[in-house]
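The values are calculated or read from the model by the stated rules, or taken from the named source; none is laboratory data. These numbers come from a predicted model, not from an experiment. Here Cβ is always computed from backbone atoms with ideal geometry, including for glycine, and neighbour counts include all displayed protein chains.
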Amino acid sequence: MAGRNIRTKFGSGEGNMGSILAMALVALGAGVSDSPAEAAISPQERAGLVQNYRIPSGPLPSALNSFAELNGLQILYDSAVTSRLRTIGLEGDFSVHDGLDRLLRGTGLSWSISARGDTVSILLAQNDRGTMNDAASGATALPTIDVGAETKNQQGAQTGPRGPGDRHTGYNAGSASATLKMDTPLLKTPLSVQVVTRQTMDDRQEISVKDALITNVSGIQLTPSWFDTMLKIRGFSNTASTYKNGLIEYRMRALDTTNLQSIDVMKGPSAMLYGRVEPGGLVDLVVKRPLDTPYYSLQQQVGSYGLTRTTLDATGPLTADKTVLYRFNGEFYYTDSYRNFVTDRNVFLAPTITLHPIEQFRMNIDFEYQRRDFVDDYALYPAVGGAPANIPASRYLQEPFLNTNAPDRLDKKRIAYDWTYDFSKDWSLTNRLAYTNAGNGLADTFGGVFNPVTGVLTRSANFFPGYTDKNFTTNLDLKGKFVTGPLQHSTLVGFDYFNTFTPLYTSYFNILPSTNIYAPIYWTQMNRYQNPSFNQIGQKWTGVYGQDMISFLDDSVHVLLGGRYDWAETSANTSRTSAYAAQASYTTYYNKAFSPRVGVAYQPLPWVTVYGNFSRSFGLNSTDVQGRPIAPQRAEQWEGGVKAELLDKRLTMSLVYFDLVKSNVAARDPNNSANTMLIGKARSQGIEFDLNGRIDDNWSVIANYTHDDVRTLVGESVDPASQLTKQRLVAGYKLPASPRNYGNLWVKYDADGAFAGFSLGGGISVVESSLGDNANSFVLPGYTLLDGMIAYTTKIEGYNVTAQLNVKNLTDVAYYPTSDSRTTIQTGTPRTFLGSLRVEF
């Protein structure tokens, strides 16, 4: 229930407030439910429940209204007084008591709490002396107002307490503090950051991280890879490395949204904070956190091609004093595919424990287990006559005998923790650590020479019976705020360390029989163990960094200064003829670099920001076919734009210009799948537009548009005789599968009144044509996709029940979103249906 403003009268005359400058009454509904457990919670206990807040600093009335919405409160205050007051905001986990303390800090207002039956009244006041106290001496309390026991969410359904794991987060996020490592609202940050919220993932029924990002954030496109989560951000691949709660998930595949609360995307080079990061942008997965209010959700999804997915989310306190909390997220998923022979099976278990023994200390401990078995779907679609070959999307041109008998496998075990200790209200220390052991098995088929006259395609395959990535990463951050004269500082200094090692393993390179793409013949037997190669690889990164956000001129100008120094080690074997030779030739190479970042943000009005920044990054490429590390990549970016919070902060908008230049860009050698080529220098230059949030209580929107020109700046000269077959990277040529213009729009309507509980959504994605290979010899046609959603939420016997149906690619358009050579074109998914039934209590 939203807060509402009132004018009050105190003393003997109209407008005479006596010794009281401001007063507000908050009536908190006790959340009465049919559940005996909920009915047993006293008003005092309910007011002490901890929730996660992202309320930016700014005008006090807007902050109080946001606080009211999150807690189901009705806030009454003298708008004549509060309209000229500002708050430092609320970022993190707080109880109602602590949240009000922080919101009112420095305003000269205080509060007191009293209980009457099933309601809680909170009094905000200030005495003559200007001192804060719970009793609010000299204040006159307004009458207690009874509020209904339940509040409405955006769906119109009745719900209980909301928290950091709640689904109903809306489409708009005010901050991304975990990713940015600073307690600053996005509006004041001179960087481009987009957030995919939990409700976005649920409304669009996005199962994979890739799907959650591809239409909901500007500047993101698919790229072909056996890493199914590899994306291009601002024209450059992220090389399958994402982050989770600020720690790298190196080479992790099959990333799932089951236990995610949001997905943060920091655009441009982020090396200043994270070191080894691709310059296009960083993806950080933010995990759901335990709640101290019991919550349970069971969802069953069924869809096209035999898809079935069951997920469970359970959370609550483990001790009576709520100092130990738990959360468990689990998933079982199975599906076939529109492509022949392709299957996918995933089991994912993710328990989390939170320890909060004292107010100043909070620790989260995360466990994950994932087992995924899937037949590789790295499609081979040759180009014929300047366009993709005219063959069915269901056709499988890899070798099914190899891939179905040796399916790709991921067996992942992860343990991580993060803790924060608050020395004071302004200074804190945070430590994060994660260890991942990921066993992998791979079988991948690659296309070679294709004869467009005969339709014959030569093929080869790499087979990895099994290898294990062992990743360890940790960091330590000290954050603080202080004032020097007119300058307000928000400072961070930190250290991080990353170590990954893949022990000696054997891979095999197989020459496969040729096949005709129009009438393929699949073999019934083959020797998977040919041309063995022995390998072991490792990396170590150590970095120190610091940044300071300096605010001044009445908190309207914000200057960000930061820098990082990295020491990097890359190790690999240069001989692969035997296990002994591999170990004997294991060699380590060393690199180091400084990565600065500067930015300025100016707020001419409280709801709009103009900003600009410059950043530089440093990262390591992989090794070449001889096991020698390729020259490290470097990048520089200039960025500028405008951000705004519209319609009382319900809607956020950003318009960004960027100019990003990257050197030593890695690309796969089409003539040797195990080798990597380098582009001397490539440039991505364009604009991005994002709009997210609620227009009003009924309408919500996600809209984005990207104009991006991605091409080679420094490469090889044109060689007409061999350019097509060698697929060399030529100066002036566009990088493959890089459309210049693309955009997405999603609109949702939540009904009220007699139709409360019904939701309708629809989306459109438009992508311009692009060039399909390094030689720019053929075109990937542009396409338009339509999506739809209908849902109904109601309450049955005290349970919240949601039935939902989503349709993707409604018009069943055939499209080819990605390519990196004439024989590697990834086809898009045809029309699919996905139904869901969710029960929450």
- Task: Mind telling me which of the residues Ser428, Ser424 ends up being closer than 30 Å to Phe552 by Cα and in contact with a Ser or Thr (Cβ under 8 Å, 6 or more places away or on another chain)?
- Result: Ser428
- Note on the structure: Among the residues of segment 331-386, the number that are outside any loop (DSSP other than H, G, I, E, B), within 27 Å of Asn405 (Cβ to Cβ) and out of contact with any Asp or Glu (no Cβ under 6 Å at 6 or more places or on another chain) is 11
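This table checks each residue for (1) out of contact with any Cys (no Cβ under 6 Å at 6 or more places or on another chain); (2) surrounded by fewer than 22 Cβ atoms within 10 Å (Cβ to Cβ); (3) closer than 30 Å to Leu678 by Cα.
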| site | (1), (2), (3) |
| --- | --- |
| Arg728 | yes, no, yes |
| Ala731 | yes, yes, yes |
| Leu735 | yes, no, yes |
| Val766 | yes, yes, no |
| Asn776 | yes, yes, yes |
- Do we find that Gln261 is outside the structural domain of Thr827 (by the TED database) and either under 19 Å from Thr197 (Cβ atoms) or assigned to a loop (DSSP other than H, G, I, E, B) (or both) in this structure? yes
- Among the listed residues Val608, Val625, Val656, which satisfies the condition of being modelled with pLDDT of 90 or more, among the hydrophobic types (A, V, I, L, M, F, W, C) and surrounded by fewer than 21 Cβ atoms within 10 Å (Cβ to Cβ)? Val608
- Restricting attention to segment 387-412, the residues that are among the basic types (Lys, Arg) and in a loop (DSSP other than H, G, I, E, B) number exactly 1
- Message: Suppose we filter Asp321, Asp366, Asp344 for residues that are surrounded by 15 or more Cβ atoms within 10 Å (Cβ to Cβ) and free of Cβ contacts under 8 Å to residues at least 60 places away in the same chain; which single one remains?
- Response: Asp344
- Task: Kindly check whether there is at least one residue in segment 472-494 that is part of a strand (DSSP E or B), more than 30 Å from Ser177 (Cβ to Cβ) and either touching a Gly at 6+ places or on another chain (Cβ under 6 Å) or among the aromatic types (Phe, Trp, Tyr) (or both).
- Result: no
- Message: I need every pair where a residue in segment 196-219 that is on the phi > 0 side of the Ramachandran plot has its Cβ under 8 Å from the Cβ of a residue that is crowded, with 23+ Cβ neighbours inside 10 Å and in a helix (DSSP H, G or I), sequence separation at least 6 or different chains.
- Response: none
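For every residue, the table says whether it meets (1) in a loop (DSSP other than H, G, I, E, B); (2) of a type in the set (A, V, I, L, M).
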site: Tyr171; (1), (2): yes, no
site: Ser175; (1), (2): yes, no
site: Ala178; (1), (2): no, yes
site: Asp183; (1), (2): yes, no
site: Leu187; (1), (2): no, yes
site: Pro190; (1), (2): yes, no
site: Val196; (1), (2): no, yes
site: Asp202; (1), (2): no, no
site: Glu206; (1), (2): yes, no
- Filter result for Tyr518 (surrounded by 17 or more Cβ atoms within 10 Å (Cβ to Cβ), under 30 Å from Phe374 (Cα atoms) and either of a type in the set (Asp, Glu) or in the same structural domain as Arg409 (by the TED database) (or both)): no
- Determine whether Ser765 is at pLDDT 95 or above, of a type in the set (S, T, N, Q) and either under 23 Å from the mean Cα position of the chain (by Cα) or in the same structural domain as Met230 (by the TED database) (or both). yes
- Can you name the condition, by its number, that Ile796 falls short on among (1) without any contact (Cβ under 8 Å) to a residue 40 or more places away in the chain; (2) under 26 Å from the mean Cα position of the chain (by Cα)? (2)
- Quick one: what pairs do we get from segment 552-568, first residue at positive phi, second among the hydroxyl-bearing types (Ser, Thr, Tyr) and at pLDDT below 95, C-beta under 9 Å, 6+ apart or different chains? Asp555/Ser57
- Note on the structure: Within segment 380-418, residues within 30 Å of Phe367 (Cα to Cα) and buried (at least 16 other Cβ atoms within 10 Å of the Cβ) come out as Ala406, Pro407, Asp408, Arg409, Leu410, Asp411, Lys412, Arg414, Ala416, Tyr417, Asp418
- Task: Go through the residues of segment 764-777 one by one and say whether even a single one is touching a Gly at 6+ places or on another chain (Cβ under 6 Å) and farther than 30 Å from Gly386 by Cα.
- Result: no
- Quick one: which residue in Gln530, Gln536 is part of a loop (DSSP other than H, G, I, E, B) and not aromatic (Phe, Trp, Tyr)? Gln530
- Return a yes/no flag: does segment 282-297 have any residue that is in the same structural domain as Phe498 (by the TED database) and small (Gly, Ala, Ser). yes
- Task: Those residues that are free of Cβ contacts under 8 Å to residues at least 60 places away in the same chain and either polar (S, T, N, Q) or not assigned by the TED database to the domain that holds Ser533 (or both), I need them from segment 581-601; list them, please.
- Result: Ser585, Thr587, Thr588, Asn591
- Item | Selection within segment 563-584 - among the polar types (S, T, N, Q) and touching a helix residue (DSSP H, G or I) at 6+ places or on another chain (Cβ under 8 Å) | Asn573, Ser575
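For (1) within 25 Å of the chain's Cα centre (by Cα); (2) not in a strand (DSSP E or B), each residue gets a yes or a no:
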| position | (1), (2) |
| --- | --- |
| Ala737 | yes, yes |
| Trp746 | yes, no |
| Ala754 | no, yes |
| Ser777 | no, yes |
| Leu785 | yes, no |
